[in-house]
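Beneath this line is the structure, given in C-alpha cells, with notes to follow.
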Number of protein chains: 2
Amino acid sequence: MSGLADRAAKLDADDPLAALRDRFDLDPEVVYLDGNSLGAPPRHVAARMADVIGRQWGRRLIRSWPEGWWDAPERVGDRIAPLVGAAPGQVVVADSTSVNIFKTLVAALRMPPLRPGDNGRDELVVDAATFPTDGYIAASAAELTGAELRPALPDELDGVLGERTAVVLLNHVDYRTGRLYDMAQATRKAHDAGARVVWDLCHSAGVLPIELDALGVDLAVGCTYKFLNGGPGAPAFVYVPHRLQEKFHQPLAGWGGHREPFAMAPEYEPAPNISRARAGTPDILSLLALEAALEVWDGVDLAEVRAKGMALTGFFAECVDELLGDRVEIVSPRDPERRGHQVSVRHPAADRLVTALAEREVIGDFRTPDVLRFGFAPLYNTYGEARRAAETLAGVLAAAG
Amino acid sequence: MSGLADRAAKLDADDPLAALRDRFDLDPEVVYLDGNSLGAPPRHVAARMADVIGRQWGRRLIRSWPEGWWDAPERVGDRIAPLVGAAPGQVVVADSTSVNIFKTLVAALRMPPLRPGDNGRDELVVDAATFPTDGYIAASAAELTGAELRPALPDELDGVLGERTAVVLLNHVDYRTGRLYDMAQATRKAHDAGARVVWDLCHSAGVLPIELDALGVDLAVGCTYKFLNGGPGAPAFVYVPHRLQEKFHQPLAGWGGHREPFAMAPEYEPAPNISRARAGTPDILSLLALEAALEVWDGVDLAEVRAKGMALTGFFAECVDELLGDRVEIVSPRDPERRGHQVSVRHPAADRLVTALAEREVIGDFRTPDVLRFGFAPLYNTYGEARRAAETLAGVLAAAG
C-alpha cells in the first residue's frame, strides 16, 4: 500500500498541471471522480453569475441583449473551438446535445452527396454502442427523412459502409467502457465510402487534442457539462465547418438562426454562417456560466491534459490491479491510447458499490447493469485521489465480504 | 399634468398589488416597461442561484441529480400549471419556445384525427401575424411532415378552417400590437372544424387567467422570461393535457423523455406522462432560477393581476392621449378586454425614440418598422411609472421638434 501512496505523492509533486486544481471549488473531503458526468465548478463561476443576475439582468435589463447576450452562442462557441481543433466561426453553443444531434443528422441527411451525382444514399449508420439518446434521436431523424438505420461499431465499419451510406453518427468515446475510437481512421473510412460523418464528442471534449478541421470532419456535437465543467445541463455545442455552412439546413429553424433575427421577416432565411445552427432564444444564465467556466482552460495545453489523463487512468488501473486483483474486472482498454479519461470497472453489485463509495466520500457513478465508472479530470484530479478511490473500493468490497 | 400625477398617486395608493413590487430587484431610477420582453429579476433569485452553484453543484455534485435536478422540468411545470389553468402533471419546462413549437406541431400533425375516421387532413393553419419564430418552425414542421401551410388571423378563421385543416397554431397575444385574442372562441372554431389547436402563450402567461383545461385546448407552449420573470432566455414550457399524452409523439425523442432514462435501453420508449415532452438533459441553472422566480406568484390572484394590467395600460393610453395627442398613434386595442399587458405606439422615428427614452431611464422597446412597445407588469409596475413614461415620451418628441 505504501508503495502506491509514495508513488502517488511523487506523481502529484511532479504534475505540471497540479496548480490548476486551485481554479476549482472542490470539497477537500471528497474524492470526485465523476467529471465525465458532471464537471466540478470552476471557482469564479459563482461570482460571475452574481454579476449576470444582479447587474446584467437586474440593472441593464433588456439592454444587455445587444451588450453581449445575443451573440453569446457564437462567442462561447469560439472559446470551445480551439479545444476541438476548429478555427473560429465554426462552433456555436445552443440547446442540448440531443437537440443538436437532431439538427446535425437532419441537416447531414439533407446535404448534397459527398461526391456529385452520387445520389440515392438512404442509410444512417449509428454507433451500435452509442449513448442511448443519440440512437433515439437518430431513429426519429430517420423516420422523418425516410432514411434507414443501421448499427455498427466505430472500429467495425468495414463491410457496413457502402454505396447506400449517407451519414455515419459515431461516439468518440464509449460512455460505458471509456473506449476511445480513432477519429482519423473512422472519418477516412466514412469519406472513402462517400458518406458524411457526425461525431459526438460528449466524452472527449476537454480530454485530448481533437482535430476536427484537420481531419475534415463534417459535423460534430458535444456536451459542455462533463470535462468542460459548464454546469449541470449546460448547453451543448455544434460544429459546422465553413465549407458546409451554406449546405447546412437544420430543421429547428427558429428565429435565433435567422439571417436578420430582428427584422421579424415572415420567411425564414438562414444566417450565412454558424449562427444558422441556433434555434430559439439563447439561454443566457447557462451560457454565461459556461463562458465563465471555460476560462479555466486559459493557457492550458491539451497535450499535457491528455498526458496526465492517460497517466491518471493508468495509475488508477494499476492501483485496482494491486489492491483488488480479480475481484473486479476493468473493462476500459488497457492501452492508454485507446482509452478516454475514465476507467470502468465491472462488478455484479456495481450499483450498491457506487452507493457505498459515496458514503465514504468517493464519488463515481453507475451505469446499468454492472458498471462502475471513475472519471479523471486532469485539471483537478490527483494521483492521490486515484489511489484513495481504489483503496476505498477495496475496503468496501472487503466489508461486503 | 398635475391632474395625471394626482390620479397616478391615488391609483398607486389604492393598488391591492402594490406590495408585490418589493419582491423584485428594481433600480429605483428606472421606469422599466419591457417586462413583456424580459421580466425583471425577483429579489431572491440571486441568493438561490448562489446556493445552486455553491452547494448543489459545488458540494453535492452529481448527487444533486436525484435530489431535485432530474425532475425539475415537471416540478417547475407544475408551478406554472395553475397560471395557465392546467391541473398538475400536464406542463413541463424544457428547451426554448421555438423548439417546443416544433415538438408540439409535429406531434399534433401525427395525432389521430379529432373525429375518428376523419383522415386526410393536411393543412397547418398558422397565425398570419405571428411572432416570426412560430411561422419559421411551422414551415419546417410542414416540410418534414408533408403538411401545407395556410396563414390566417386568430379572429378571421371563418372560411379558412375546413375539412383539410389538421392543426391551427395561434398566438394568444399579438407581439406587435398587444392585441389579445379570444381563446375560447378560436379553440371552439378549430374543434368545430375538426382541427386541433396549439396556442402560443408567450405574451399572455402571467397576464391573465388562462383556462387551458376548461377550454379543451389541445396543446400549448409558452415562454417564461417575459411576464413570468424567469431570466433571459429561460426555458419554455409545454402543455399536453392528460387525454392527449398517450397520443403525443414528438420528434425530439431524447433520453429525457424516455420511460426509463437510466435504463439506457437501446430503443426509445416515451414516458407515459408529460415527461415525454422533454428532450435532452435539463438545463439546471436556468430551470432553478425560473423555479425561484415563480415564487413571486405565491398567493397572487390572476384576476387581480388582470384587473391591474387593464387599468395600467388604460391609464397609460390616457396619459399618451392627453400629453401627446395625435403626435403618435396607439395601435393596441382601446378595449381593455381585447388588449394584453402592453401598449404599442406607432411613430415613424420609433427606433430613435426608444433610444432617447432609454437615455432618460424609461425602458420600452422597438419592433420594426415603426412600433414602440410599452409592457406593463402588474406585479411591479406602477401608475406613476405609466405617467412618467408618457411624460418622458412627450418631452423626447418635443425635443426632437
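The values are calculated or read from the model by the stated rules, or taken from the named source; none is laboratory data. Everything numeric here is computed off the predicted structure, so don't read it as measured data. Glycine gets a Cβ as well: all are built from the backbone with ideal geometry, and neighbour counts include every protein chain shown.
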Number of the condition not met by A:P261 [criteria: (1) surrounded by 24 or more Cβ atoms within 10 Å (Cβ to Cβ); (2) within 14 Å of another protein chain (Cβ to nearest Cβ); (3) over 22 Å from the mean Cα position of the chain (by Cα)]: (1)
Condition check for A:A46: surrounded by 18 or more Cβ atoms within 10 Å (Cβ to Cβ), out of contact with any Asp or Glu (no Cβ under 6 Å at 6 or more places or on another chain), more than 25 Å from B:D365 (Cα to Cα) and not β-branched (V, I, T): yes
Members of segment B:264-291 that are at the interface with chain A (Cβ under 7 Å from one of its Cβ atoms), under 21 Å from A:P251 (Cα atoms) and among the small types (G, A, S): B:A279, B:G280
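Answer yes or no: is there a residue in segment A:327-337 that is over 19 Å from A:T392 (Cβ atoms), part of a helix (DSSP H, G or I) and assigned by TED's automatic domain parsing to the domain that holds A:G384.
Looking for residues that are over 19 Å from A:T392 (Cβ atoms), part of a helix (DSSP H, G or I) and assigned by TED's automatic domain parsing to the domain that holds A:G384, one finds at least one in segment A:327-337, hence yes.
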Within segment B:188-204, tally of residues that are assigned to a strand (DSSP E or B), among the hydrophobic types (A, V, I, L, M, F, W, C) and within 30 Å of B:L33 (Cβ to Cβ): 2
Candidate set from segment A:97-138 (those that are over 21 Å from the mean Cα position of the chain (by Cα) and assigned to a helix (DSSP H, G or I)); member that is farthest from B:R276 (Cα to Cα): A:R110
Total residues in segment A:359-390, condition surrounded by fewer than 18 Cβ atoms within 10 Å (Cβ to Cβ) and part of a helix (DSSP H, G or I): 2
Filter result (over 18 Å from B:L219 (Cα atoms), more than 14 Å from chain A (Cβ to nearest Cβ) and at pLDDT 95 or above) within segment B:124-156: B:E148
Of residues in segment B:205-236 being within 13 Å of another protein chain (Cβ to nearest Cβ) and assigned to a strand (DSSP E or B), the one farthest from B:I101 (Cα to Cα): B:G222
Residues that are closer than 17 Å to A:Y225 by Cβ and outside any loop (DSSP other than H, G, I, E, B), drawn from segment A:24-49: A:F24, A:Y32, A:P42, A:V45, A:A46, A:R48, A:M49
Options B:R110, B:R121; residue that is within 11 Å of chain A (Cβ to nearest Cβ), of a type outside the set (A, V, I, L, M, F, W, C) and surrounded by fewer than 24 Cβ atoms within 10 Å (Cβ to Cβ): B:R110
Of the criteria (1) surrounded by fewer than 23 Cβ atoms within 10 Å (Cβ to Cβ); (2) part of a helix (DSSP H, G or I); (3) of a type in the set (A, V, I, L, M), which one B:A141 fails: (1)
Residue satisfying all of: in segment A:60-73; under 18 Å from A:G257 (Cα atoms) and in contact with a helix residue (DSSP H, G or I) (Cβ under 6 Å, 6 or more places away or on another chain); nearest to the other protein chains (Cβ to nearest Cβ) among these: A:W69
Top-ranked residue in segment B:1-23 [being in a loop (DSSP other than H, G, I, E, B) and in contact with an Asp or Glu (Cβ under 8 Å, 6 or more places away or on another chain); ranked as nearest to A:R63 (Cα to Cα)]: B:L17
Segment A:352-366 - residue that is touching a strand residue (DSSP E or B) at 6+ places or on another chain (Cβ under 6 Å) and of a type in the set (V, I, T) and, of those, nearest to the other protein chains (Cβ to nearest Cβ): A:I363
Test: A:G280 is assigned by TED's automatic domain parsing to the domain that holds A:Y225, part of a loop (DSSP other than H, G, I, E, B) and more than 21 Å from the chain's Cα centre (by Cα): yes
Meets criteria (surrounded by fewer than 24 Cβ atoms within 10 Å (Cβ to Cβ), over 27 Å from B:D134 (Cβ atoms), in contact (Cβ under 8 Å) with a residue 12 or more places away in the chain and more than 14 Å from chain A (Cβ to nearest Cβ)) for B:A303: yes
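A quick yes/no check of all residues on (1) of a type in the set (K, R); (2) at pLDDT below 95:
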| residue | (1), (2) |
| --- | --- |
| A:I363 | no, no |
| A:F376 | no, no |
| A:Y380 | no, no |
| A:G384 | no, no |
| A:R388 | yes, no |
| A:T392 | no, no |
| A:G401 | no, yes |
Criterion: of a type outside the set (G, A, S) and more than 22 Å from B:R373 (Cβ to Cβ) - qualifying residue of B:L201, B:L208, B:L180, B:L161: B:L161
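From the list B:L323, B:L312, B:L252, exactly one residue is buried (at least 18 other Cβ atoms within 10 Å of the Cβ), in contact (Cβ under 8 Å) with a residue 60 or more places away in the chain and within 14 Å of chain A (Cβ to nearest Cβ). Which is it?
B:L252
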Candidates A:V84, A:V30 - the one that is touching a residue at least 40 places away in the same chain (Cβ under 8 Å) and buried (at least 22 other Cβ atoms within 10 Å of the Cβ): A:V84
Test result for A:G77, more than 10 Å from every other protein chain (Cβ to nearest Cβ) and more than 14 Å from A:N229 (Cβ to Cβ): yes
Evaluation of A:G309 against (1) out of contact with any His (no Cβ under 6 Å at 6 or more places or on another chain); (2) assigned to a helix (DSSP H, G or I); (3) not polar (S, T, N, Q) (one fails), failing number: (1)
Residue match in segment A:164-172 (condition: away from chain B (no Cβ under 14 Å) and closer than 29 Å to A:L312 by Cβ): yes
Residue list for segment A:213-247, filter: surrounded by fewer than 24 Cβ atoms within 10 Å (Cβ to Cβ) and in contact (Cβ under 8 Å) with a residue 12 or more places away in the chain: A:D213, A:A214, A:L215, A:G216, A:P241, A:H242, A:L244, A:Q245, A:E246, A:K247
